[in-house]
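A.B. asks: One structure, pasted below without further comment.
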Amino acid sequence: MSEAVVEVRDFRKRYGDAVAVDGIGFEVRSGEIFALLGPNGSGKTSTLESLEGIRKPDGGSLRIGGMDPSRQPRRLRNFIGVQLQTSALPASMTVDEAMLFFCAYHGKTPREDLIERLGLDEKRRVQYGKLSVGQQRRLALAIAIAHEPRVLFLDEPTAGLDVQSRADLHVLMAELRAKGTTIILATHDMAEADKLADRAAILLQGKIAAIGSPRQLTAAGDRRTRISVSSERGLLLESGADFPDALAQGPSEDYAVYLSENPGKSVAAILAWLEEAGDPLVDLRVERPSLEERFLEITTAPSAQGDDK
Amino acid sequence: MTAFLHHLAYDFKTGIRDRSKLLMFYLFPLVFFFLVGGLMSSVNPNFGQTMIPAMVLFAFMCSALLNLPSLLVNAREAGVFRSYRINGVPAASVLAIPVISAAAHMAVAAVVISLAGARFYGAAAPANVALFALAALLSYAAYAGIGVLIGVASGNNTVTILISQLIYIPSIILGGLMVPSAMLPGGLARLSLLLPATHCMKVLVGLGMPGAAPTPWLSMGVLAVSAALSFGLAALLFEWDSRASAPSPKAWFALLAVLPYAVAALIGR
């Protein structure tokens with residue numbers, strides 16, 4: 001197992017009387033993509049910004065590559081790369097100037113290849129204020145990774161990106177991980193976390209409600225598989241037929257939906273029933289519980305709502 | 001050092017590229033100079049004696065009071081400072097570079113005003129260019145310090161404009177730019193010592209212009225202390241993050257920058 005490059009122990013952060021983060025702890029290993037998930041106000045950005053050295057913790061300890069972000073911010077700058085959720089560049093700064101400017105402060109030569117790689121080649125002389133939101137996000141990402149940081153923080157990196165740019169970014173993140181870059185990702189996009197993250201922590205009201213790989217997280221929740229069936233004559237929708245280990249969930253558009261703890265047995269029984277009824281199958285979908293469903297299960301549980309004031 | 005120079009070069013270029021900077025560095029002060037220069041020369045023949053220092057100072061005020069504070073507030077509130085911070089741009093560069101690059105633009109504007117004033121309006125040219133340049137540098141430093149301090153202490157652009165205008169408008173009226181301070185009635189003359197413009201005019205005229213005026217030691221001291229105090233307070237009060245949602249009570253310490261002028265108003269003549 002690789003070394004822990006990010007260590008968080010009993011971390012606390014408050015703003016006045018409001019507790020943003022309440023004693024959380026986790027480790028992120030070198031070369032890992034670690035997702036921080038949670039609803040708005042759950043403490044994701046406070047955790048990220050404290051790790052980045054932007055905010056000072058009120059308790060506990062934070063270490064990145066052995067460095068304390070609040071005490072050694074200058075040493076940390078070349079070790080980490082950051083794409084903030086809310087930040088900007090000067091409106092009159094061109095793409096080329098931005099790359100030159102920030103690489104100079106990191107003591108690196110400008111990474112022309114990244115400008116091309118992130119689809120900004122034709123925008124080199126365009127000022128930041130005239131770029132689209134997606135282009136601004138891509139430029140921020142190019143600057144964040146231009147000095148080849150060991151740890152990369154991405155706060156909602158795909159917000160404002162179109163479908164193609166999102167897909168490109170996911171490929172880039174996978175490439176960075178393959179090169180050994182550790183990525184800490186805060187996102188509302190559960191599909192993104194499910195697809196990319198090696199591990200994820202779900203934050204709720206400043207505490208870690210669940211942590212593990214996306215598979216572990218989903219397995220810890222409702223383990224039933226969703227079976228959706230559509231047939232030509234739609235007999236299943238009207239029949240109310242029961243099948244082994246399958247609980248009918250009622251229709252969803254043209255589909256009869258079941259939850260099953262034994263999907264193989266349930267699917268076989270459903271198909272046999274349709275065959276016998278002479279109702280040809282149109283579509284069959286067998287879906288495992290997603291990270292998004294697990295997330296909603298955790299964040300909407302009565303215990304999660306109980307402390308709301 | 002390379003990064004600092006890249007930053008400075010970029011910021012200098014924006015003085016031409018950015019419309020608001022271009023307006024405040026060149027267009028507004030130069031158009032004002034050509035209009036007021038012509039008008040005042042015909043109304044008041046003695047205006048030619050102080051036209052160049054007055055118009056140079058006017059340009060400094062446009063740059064340092066009207067442009068610099070808004071520039072800093074807008075950048076901070078938009079999150080530009082956050083981007084700087086996470087990429088290792090030092091706070092000293094964030095504060096110093098706009099001042100230095102604007103100073104370079106002001107040097108250009110001052111040369112244009114000096115040459116054109118003498119050529120087109122027959123205004124008195126500086127008798128000692130080196131001392132005039134030193135006086136201009138001191139004047140610019142005092143105003144830039146105040147501008148930076150306003151930008152750092154203000155929570156938003158509305159407050160910035162209000163505070164800037166609170167200094168700018170009285171400076172134009174009472175600061176000796178249009179009417180020499182010596183012609184002001186006693187009470188107003190003392191009140192005018194609270195304004196940086198009054199001391200700047202004393203220093204610019206006293207050091208650089210023809211005539212045997214006594215060396216304005218008090219005003220030189222006031223401007224030097226004001227510049228040091230303002231930049232020092234700005235460095236202490238500087239914050240990277242938006243202040244819109246969290247006003248800082250520390251910002252009131254910025255009022256300490258008035259001290260050298262208050263002392264001058266008490267002891268000066």
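A.B. asks: Report whether or not A:ARG111 is free of Cβ contacts under 8 Å to residues at least 60 places away in the same chain, in contact with a Cys (Cβ under 9 Å, 6 or more places away or on another chain) and over 20 Å from B:VAL80 (Cα atoms).
C.D. replies: Judged against the criteria, A:ARG111 is a match.
A.B. asks: Can I ask one more? Answer yes if at least one residue in the stretch A:20-32 is surrounded by fewer than 21 Cβ atoms within 10 Å (Cβ to Cβ), away from chain B (no Cβ under 14 Å), more than 22 Å from the chain's Cα centre (by Cα) and of a type in the set (Gly, Ala, Ser), and no otherwise.
C.D. replies: Checked against the condition, which is being surrounded by fewer than 21 Cβ atoms within 10 Å (Cβ to Cβ), away from chain B (no Cβ under 14 Å), more than 22 Å from the chain's Cα centre (by Cα) and of a type in the set (Gly, Ala, Ser), the stretch A:20-32 yields no hits at all.
A.B. asks: Considering only residues that are in a loop (DSSP other than H, G, I, E, B) and of a type in the set (Val, Ile, Thr), look in the stretch A:62-117 and name the one that is nearest to the other protein chains (Cβ to nearest Cβ). So that I can check it myself, show each step before the final result.
C.D. replies: First pass over the stretch A:62-117, keeping only residues in a loop (DSSP other than H, G, I, E, B): A:65-66, A:68-72, A:78-79, A:84-93, A:106-111.
Next, only the ones that are of a type in the set (Val, Ile, Thr) stay: A:86, A:109.
Numbers: A:THR86: 5, A:THR109: 11 Å.
Going through the qualifying residues, I end up with A:THR86.
A.B. asks: Of everything in the stretch A:257-277, what is touching a residue at least 40 places away in the same chain (Cβ under 8 Å) and more than 18 Å from A:ASP245 (Cβ to Cβ)? Give them in sequence order.
C.D. replies: Passing the criteria: only A:ALA277.
A.B. asks: Would you confirm, using the coordinates I've provided, whether A:GLN164 is in contact with a helix residue (DSSP H, G or I) (Cβ under 7 Å, 6 or more places away or on another chain) and either part of a helix (DSSP H, G or I) or within 12 Å of chain B (Cβ to nearest Cβ) (or both)?
C.D. replies: In short, no.
A.B. asks: Within the stretch A:116-156, which residues are touching a strand residue (DSSP E or B) at 6+ places or on another chain (Cβ under 7 Å) and over 30 Å from B:ARG17 (Cα atoms)?
C.D. replies: Of everything in the stretch A:116-156, those that are touching a strand residue (DSSP E or B) at 6+ places or on another chain (Cβ under 7 Å) and over 30 Å from B:ARG17 (Cα atoms) turn out to be A:PRO149, A:ARG150, A:VAL151, A:LEU152, A:PHE153, A:LEU154, A:ASP155, A:GLU156.
A.B. asks: While we're looking at this one, here's another question. In the stretch B:67-93, which residues are buried (at least 21 other Cβ atoms within 10 Å of the Cβ), part of a helix (DSSP H, G or I) and either more than 10 Å from chain A (Cβ to nearest Cβ) or of a type outside the set (A, V, I, L, M, F, W, C) (or both)?
C.D. replies: B:ASN67, B:LEU68, B:PRO69, B:LEU72, B:VAL73, B:ARG76, B:ARG82, B:SER83, B:TYR84, B:ARG85
Here's the yes/no breakdown for (1) farther than 21 Å from B:SER63 by Cα; (2) outside any helix (DSSP H, G or I):
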site	(1), (2)
B:ILE169	no, no
B:CYS200	no, no
B:GLY206	yes, no
B:THR215	yes, yes
B:SER226	no, no
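A.B. asks: Out of curiosity, is A:VAL133 more than 22 Å from B:SER93 (Cβ to Cβ), surrounded by fewer than 16 Cβ atoms within 10 Å (Cβ to Cβ), within 14 Å of chain B (Cβ to nearest Cβ) and of a type outside the set (D, E, K, R)? Steps first, please.
C.D. replies: Working: more than 22 Å from B:SER93 (Cβ to Cβ): yes; surrounded by fewer than 16 Cβ atoms within 10 Å (Cβ to Cβ): yes; within 14 Å of chain B (Cβ to nearest Cβ): yes; of a type outside the set (D, E, K, R): yes.
Yes; evaluated as a whole, the condition is true for this residue.
A.B. asks: Here's another thing I want to ask about it. Which residue, of B:PRO196, B:PRO170, is closer than 17 Å to B:ALA227 by Cβ and within 15 Å of the chain's Cα centre (by Cα)?
C.D. replies: Matching residue, one of B:PRO196, B:PRO170: B:PRO196.
A.B. asks: Has the stretch A:124-143 got at least one residue that is under 27 Å from A:PHE26 (Cα atoms), in a helix (DSSP H, G or I) and in the same structural domain as A:GLY180 (by TED's automatic domain parsing)?
C.D. replies: Checking the stretch A:124-143: not a single residue is under 27 Å from A:PHE26 (Cα atoms), in a helix (DSSP H, G or I) and in the same structural domain as A:GLY180 (by TED's automatic domain parsing).
A.B. asks: Of all residues in the stretch A:44-61 being part of a loop (DSSP other than H, G, I, E, B) and either more than 15 Å from A:PHE153 (Cβ to Cβ) or of a type in the set (Ser, Thr, Tyr) (or both), which is modelled with the lowest pLDDT?
C.D. replies: Within the stretch A:44-61, the match that is modelled with the lowest pLDDT is A:LYS56.
A.B. asks: Looking at the stretch B:1-65, what helices (runs of 4 or more DSSP H) fall wholly within it and have at least 2 residues that are surrounded by 15 or more Cβ atoms within 10 Å (Cβ to Cβ), within 14 Å of chain A (Cβ to nearest Cβ) and at pLDDT below 95? Explain how you work it out, then say what you get.
C.D. replies: Values: elements: B:2-17, B:19-22, B:28-43, B:47-61.
Passing ranges, in order: B:2-17, B:19-22.
A.B. asks: Given the conditions (1) more than 14 Å from every other protein chain (Cβ to nearest Cβ); (2) surrounded by fewer than 22 Cβ atoms within 10 Å (Cβ to Cβ), which single one is not true for A:VAL126?
C.D. replies: (1)
A.B. asks: Find the residue count for the stretch A:5-39, including only residues that are out of contact with any Ser or Thr (no Cβ under 7 Å at 6 or more places or on another chain), farther than 16 Å from A:ALA201 by Cβ and assigned to a loop (DSSP other than H, G, I, E, B).
C.D. replies: Within the stretch A:5-39, residues that are out of contact with any Ser or Thr (no Cβ under 7 Å at 6 or more places or on another chain), farther than 16 Å from A:ALA201 by Cβ and assigned to a loop (DSSP other than H, G, I, E, B) number 2.
A.B. asks: What number of residues within the stretch A:223-259 are among the polar types (S, T, N, Q), assigned to a strand (DSSP E or B) and under 19 Å from A:ALA272 (Cβ atoms)? I'd like the intermediate steps shown before the answer.
C.D. replies: Kept after step one, since they are among the polar types (S, T, N, Q), are these residues of the stretch A:223-259: A:225, A:228, A:230-231, A:239, A:249, A:252.
Of the ones still in play, those that are also assigned to a strand (DSSP E or B) are A:225, A:228, A:230-231, A:249, A:252.
Restricting the remaining residues to those that are under 19 Å from A:ALA272 (Cβ atoms) gives A:225, A:228, A:230-231.
Count: 4.
A.B. asks: Tell me, which residue of the stretch A:72-109 that is surrounded by fewer than 16 Cβ atoms within 10 Å (Cβ to Cβ) and modelled with pLDDT of 90 or more is nearest to B:ALA91 (Cα to Cα)?
C.D. replies: A:GLY107
A.B. asks: Now for a separate question. A:ALA146 passes all but one of (1) within 14 Å of chain B (Cβ to nearest Cβ); (2) small (Gly, Ala, Ser); (3) at positive phi; which number fails?
C.D. replies: (3)
A.B. asks: Which of the residues spanning the stretch B:113-137 are buried (at least 17 other Cβ atoms within 10 Å of the Cβ) and of a type in the set (Val, Ile, Thr)?
C.D. replies: B:ILE113
The values are calculated or read from the model by the stated rules, or taken from the named source; none is laboratory data. As the structure is a computational prediction, the values presented were derived from the model and not from experiment. Using ideal geometry, Cβ is built from the backbone for each residue, glycine included, and neighbour counts are taken over all protein chains shown.
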